[in-house]
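Here is the structure we will look at, set down as structure tokens.
The values are calculated or read from the model by the stated rules, or taken from the named source; none is laboratory data. Note that the structure is a prediction, hence the values are computed from the model and not measured. Using ideal geometry, Cβ is built from the backbone for each residue, glycine included, and neighbour counts are taken over all protein chains shown. What goes into the accessible areas is simple: the full protein's heavy atoms, side chains included, and nothing from ligands, DNA or RNA. Shrake-Rupley method; radii C 1.70, N 1.55, O 1.52, S 1.80 Å.
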Amino acid sequence: TAVLAGLSDLSRDHYGGAALRPVAILTTHKHWDHAAGNVPLREKFGRSLRVYGGEVDAVSGCTHPLRDGDEVRVGSLRVVALSAPGHTAGSTAFLVRGSPSALFGGDVLFCGGCGAPFEGCADDMVSTFAKLWRSCPPETLLFPGHEYTLSILPQYVTGALPGADTPDVYAKLCAAIYRARELRAQAPPCPTAPLALADELSLNEKFAPLRHAAEALVQAWRLHRALEAATAGIEAIQASAEDAAGSRGSSPKVSEGAQAQSDGAADDLGDARPTLSMLCQPCEQEPVADRYGGAGGGGADDGGGGGGGVAAFS
């Protein structure tokens, strides 16, 4: 019912009342509140309606099971399936490539939290959140499967969840709570989605171990470069002194140029030092060819032409 109402609103608001025909359903996981509509929708719109889901999950009505990294094309959209175990063993997040990109994560990621790990452990959750950070640009827009923002974010202030690391993060947290309250106070209440991944990297406790690890890596990298620079400066001083002694037949003496090189060696690191965002830039993944041939290939049958096809996320 919700999907049909959404299609009706989209038709009225953006397509001049033209009938819309869904061509694909991308299901994040098997739970009934995300997958129960798959079979009825196929019965209404026909057996050509494709239902995608993680191959590990027993997604209701699934016709096209996906592996990690598989790419699906719906019209002009490029959608990459990211295996995200934890909430369920086969949970899948769908990354829609674009400017900005959008991530439909189901119960993998909420504002400030995540879905309960019913079929995973803490290590699974860390691995999943690391993959999301690695795979998605910071400006990615996040669309969670539930509206839990005002249930989770205030817990960072009351002490139920770990508090903000810095004053800047605390200010960002307060701004996020204020924004959410303003949106939910509207009549009817407005959703707090989409969220910005960059904000979640700072606020969400599930990213905290990754932030700390990245900070340690940055510090180690800086120390390594400083040691390299100091070693190079010492070697330059020694070489200069030996050259001077050889040419004058006297005791080695450090030249002013070599001393200056040594003194300025560490200062030369400034522009080369990385930031956390540099270290955590998303890796470009080679798209995995759609294993179903023309079924995911776009074109008029997928809504690429004038037929008004759409994809639904659940």
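Observations on the model:
- Taken over segment 152-201, residues that are among the polar types (S, T, N, Q) and open to solvent by 70 Å² or more (accessible area, probe 1.4 Å) amount to 2.
- Of all residues in segment 20-50, those satisfying the criterion of being of a type in the set (G, A, S) and surrounded by fewer than 18 Cβ atoms within 10 Å (Cβ to Cβ) are A36, G46, S48.
- Out of G115, G105, sole residue that is in contact with an Asp or Glu (Cβ under 6 Å, 6 or more places away or on another chain), at pLDDT below 95, open to solvent by less than 10 Å² (accessible area, probe 1.4 Å) and under 23 Å from C190 (Cβ atoms): G115
- The criterion of at least 2 residues that are at pLDDT below 95 and farther than 25 Å from C136 by Cβ is met, among helices (runs of 4 or more DSSP H) falling completely within segment 1-96, by 2-14, 38-45.
- Note on segment 194-250: residues that are outside any helix (DSSP H, G or I) and touching a Cys at 6+ places or on another chain (Cβ under 6 Å) total 1.
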